[in-house]
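Colleague: My questions all concern the structure below.
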């Protein structure tokens, strides 16, 4: 294992900003320093997905990075939940990642 790095998974909700975008378009590595090392879709495993891999609702992303990178990735992948008239995310909004 690489020192300081850990893996975690993230379930893509239909409202996730990643849905319908490719790995290249999402640019998680450039934006968060987290790497998508695999995707599980309908029981099938896609190891080291290519840049043109398009994300779909229900995909489970396997990510690797340090704690800060993974937290940044979870934030980038989480749908924005708004309450009418309020600023920021609604209270109790989940991150969408599974542990």
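Colleague: Could you check the stretch 57-69 and list, in sequence order, the residues that are in contact with a strand residue (DSSP E or B) (Cβ under 7 Å, 6 or more places away or on another chain), crowded, with 21+ Cβ neighbours inside 10 Å and either farther than 17 Å from residue 13 by Cα or modelled with pLDDT under 95 (or both)?
Modeller: Within the stretch 57-69, 65 is the sole residue that qualifies.
Colleague: Taking the criterion of being modelled with pLDDT of 95 or more, more than 25 Å from residue 3 (Cβ to Cβ) and buried (at least 18 other Cβ atoms within 10 Å of the Cβ), would at least one residue in the stretch 25-37 satisfy it?
Modeller: yes
Colleague: Residues of the stretch 1-21 being part of a strand (DSSP E or B) and either on the phi > 0 side of the Ramachandran plot or touching a helix residue (DSSP H, G or I) at 6+ places or on another chain (Cβ under 8 Å) (or both), which ones?
Modeller: In the first step, residues of the stretch 1-21 are kept if they are part of a strand (DSSP E or B); the result is 6-11.
Passing the criteria: 6, 8, 10.
Colleague: Against the definition (at pLDDT below 95 and in a loop (DSSP other than H, G, I, E, B)), how does residue 91 come out, yes or no?
Modeller: Details: at pLDDT below 95: yes; in a loop (DSSP other than H, G, I, E, B): yes.
Yes: the conditions hold for residue 91.
The values are calculated or read from the model by the stated rules, or taken from the named source; none is laboratory data. Predicted, not measured: the structure shown is a model, and the values here were computed from it. Quick reminder, even Gly has a Cβ in these numbers, built from the backbone with ideal geometry, and neighbours come from all protein chains shown.
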